[in-house]
Amino acid sequence: MTHLIDIAGVRHAYTTAEGPLPVLDGLEMQVPKGGFTAVVGPSGCGKSTLTRLVAGLMRPDEGTVQLHGEKVTGPRATVGMAFQNPVLLEWRTILKNVMLPLEIVSSKMSRAAQEDRARHLLKLVGLEGFEDKRPSELSGGMRQRASLCRSLVHKPEVLILDEPFGALDAFTREDLWQTLLDLKSQEPFTGVLITHDLRESIFLADQVIVMSARPARTQYVMDIPRSGPRTLDDLYTPEAAERLNILRHQIEVAQGRAPAEPAEPRIDPEPTERAVPETLP
Amino acid sequence: MIFRKVGVPFAAMILFLIAWEVLVWANGWPNYRMASPSDLIPAYERYWPLFLEMGWQTLWRTVVGLLLAVIVGTGIGLVMGISRTLRDGLYPLLVGFNAIPKATVVPIVALMFVGAHDFNTVLIAFMISFFPIAVSVSIGLSTLEPEYRDILRALGASQATIFWKIALPKTLPEFFGALKVAVTLAFIGTNLMEIVSPHGRGLGALFDSGKTNSDYPLMFAVLLALAALGILLYYVVVALEKTFAGWAERPSG
């Protein structure tokens, strides 16, 4: 079976003044069409390098990155990207910001059609009525919504999200998780999400990949079967707690703070009761 | 709103003139020590046609020098913003060139192109004002966050598209900031040449003739005329900035 995204045996090193700095060493990743993979790992382990490889912004020293069984040799219009920094262009309105990718990849599309497409997406994420505002007039969460619209406006097959919710407060972030899932149901894409938030990874993704410390290899892969709509309550089940536990242990292994044995099984469905004082002193 | 934009600056100017008048009057200074605004009115009356002619001379040479500075400064800034090697190579040269007091360059240029007064004046106005523009454009380009490039590069956009759609507009606020500095600098350049070179024209030459004839009110009148031209050109730049980079202005709370 061919996967939409197939990364095999990728090694890469950056050239620095102190000699080569290996960042990736044996990276494996397969994402089926329509899948949503989250990538977690210690800071500086090369997660952003991974996004640049998939986007075709750079090529690996060794190994292959394939989209549709085809080797990625350069940027392609079938990829959309969103970053932690929403990078909206301050001199454009929100609508024109969202239209930007269409100006580049679908220049034949009429302006009216481009506008309709952008308006449609903005409506989906709840930004109706903000089309003519400038980015500086919007809150951080709203800007990130607009940024998501821009990354999807040209109907990319692959959406690369590099910590898109990292700079948002917890409540806004959870709102945006839901927005992202809604978008995915309306605008099918195959997603790769780089994140530091383990809850985010198990809530959004159907596959979580743990990368080791630099030079990174694929250390652990967790599949999360999905059925039916997701709610935030799913994060507070014993099953979710167990998944988080395993992932946390894997991160500690990656950071070199825990031995590489499997996490102590905690299948006990009874949640551990924390003693809460009845009256505050 | 109109009152704050127009009324307040005018009131400030009138207050300044009154304070000046009072200062001279209270100290009993004769007009060869410090002319007062009321001394200037006869000077303007007497030489008004000359002021118009010389003012125009100064203005057009300054504007041409400034345009040249914009073109060359933006060009140098582009080159330095895009290539690190060229930036490292050009910076010391530029800084060294800028560190030379232009007053010392004026006689050299006046000798080099003797008689070409218009050309010399424009040249000095240009030389004194292109530096801030070059530096600001290069900084604007080199500090462009990589993500801005990446969102377009990932779509297969060419370097030229990235430049027109992102790098250039993003640099505009810095560019206009530098242009405001360059406007006043260009006036200094024009006047240096007009004052120093023999048989010069423009307000600088008028100032010089006031000096030789010991007509002190005329000298002060020229200074005020220069200030007025400077203000005029500055607000032209402000208007351009509002048109092309108004988005950078945040609504004040």
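Some observations on this one:
- Just one residue in the set A:G44, A:G26, A:G9 is part of a loop (DSSP other than H, G, I, E, B) and either at pLDDT below 90 or on the phi > 0 side of the Ramachandran plot (or both); that residue is A:G44.
- On inspection, A:D197 passes the criterion of being modelled with pLDDT of 90 or more, open to solvent by 10 Å² or more (accessible area, probe 1.4 Å), under 11 Å from the mean Cα position of the chain (by Cα) and not small (G, A, S).
- Test: residue in region B:52-66 that is closer than 30 Å to B:L23 by Cα and open to solvent by 40 Å² or more (accessible area, probe 1.4 Å): yes
- Selection count where residues are of a type in the set (V, I, T) and closer than 23 Å to A:Y14 by Cα, scope region A:204-228: 3
- Residue in region A:50-57 that is open to solvent by 10 Å² or more (accessible area, probe 1.4 Å) and not small (G, A, S) present: yes
- So A:M99, is it part of a strand (DSSP E or B) and within 14 Å of chain B (Cβ to nearest Cβ): no
- The residues on offer are B:N27, B:N31, and the sole one that is more than 26 Å from the chain's Cα centre (by Cα), open to solvent by less than 70 Å² (accessible area, probe 1.4 Å) and modelled with pLDDT under 95 is B:N31.
- Any hit, region B:90-104, residues being assigned to a helix (DSSP H, G or I), touching an Asp or Glu at 6+ places or on another chain (Cβ under 7 Å), surrounded by 13 or more Cβ atoms within 10 Å (Cβ to Cβ) and more than 14 Å from chain A (Cβ to nearest Cβ): no
- Of the residues B:F51, B:F119, the single one that is modelled with pLDDT of 90 or more and either among the β-branched types (V, I, T) or touching a helix residue (DSSP H, G or I) at 6+ places or on another chain (Cβ under 7 Å) (or both) is B:F51.
- Residue check, B:G246 modelled with pLDDT under 90, part of a helix (DSSP H, G or I), surrounded by fewer than 20 Cβ atoms within 10 Å (Cβ to Cβ) and within 13 Å of chain A (Cβ to nearest Cβ): yes
- Output for region B:179-197, where each listed residue is open to solvent by 10 Å² or more (accessible area, probe 1.4 Å), at pLDDT 90 or above and out of contact with any Gly (no Cβ under 7 Å at 6 or more places or on another chain): B:L179, B:K180, B:V181, B:L185, B:I188, B:L192
- Residues located in region A:63-85, provided they are of a type outside the set (S, T, N, Q), facing chain B (nearest Cβ under 9 Å), open to solvent by 20 Å² or more (accessible area, probe 1.4 Å) and in contact (Cβ under 8 Å) with a residue 24 or more places away in the chain: A:A77
- Each residue in region B:186-213 was checked for being among the small types (G, A, S) and within 17 Å of the chain's Cα centre (by Cα), and 4 of them qualify.
- All positions within region A:107-141 that are crowded, with 18+ Cβ neighbours inside 10 Å and within 11 Å of another protein chain (Cβ to nearest Cβ): A:R134, A:P135
- Looking at B:V63, B:V72, B:V105, just one residue is more than 30 Å from A:H154 (Cβ to Cβ) and free of Cβ contacts under 8 Å to residues at least 24 places away in the same chain, and that residue is B:V105.
- Residue list for region B:136-177, restricted to those being in contact with a helix residue (DSSP H, G or I) (Cβ under 7 Å, 6 or more places away or on another chain), open to solvent by 20 Å² or more (accessible area, probe 1.4 Å) and either under 28 Å from B:L233 (Cα atoms) or of a type in the set (S, T, Y) (or both): B:I139, B:S142, B:T161, B:K170, B:L172, B:P173, B:E174, B:F175, B:G177
The values are calculated or read from the model by the stated rules, or taken from the named source; none is laboratory data. All values derive from a computational prediction rather than experimental measurement. Counting neighbours? That spans all protein chains shown, and the Cβs are built from the backbone with ideal geometry, glycine included. Heads up: the accessible areas ignore ligands, DNA and RNA and are worked out on the full protein's heavy atoms, side chains in. Shrake-Rupley method; radii C 1.70, N 1.55, O 1.52, S 1.80 Å.
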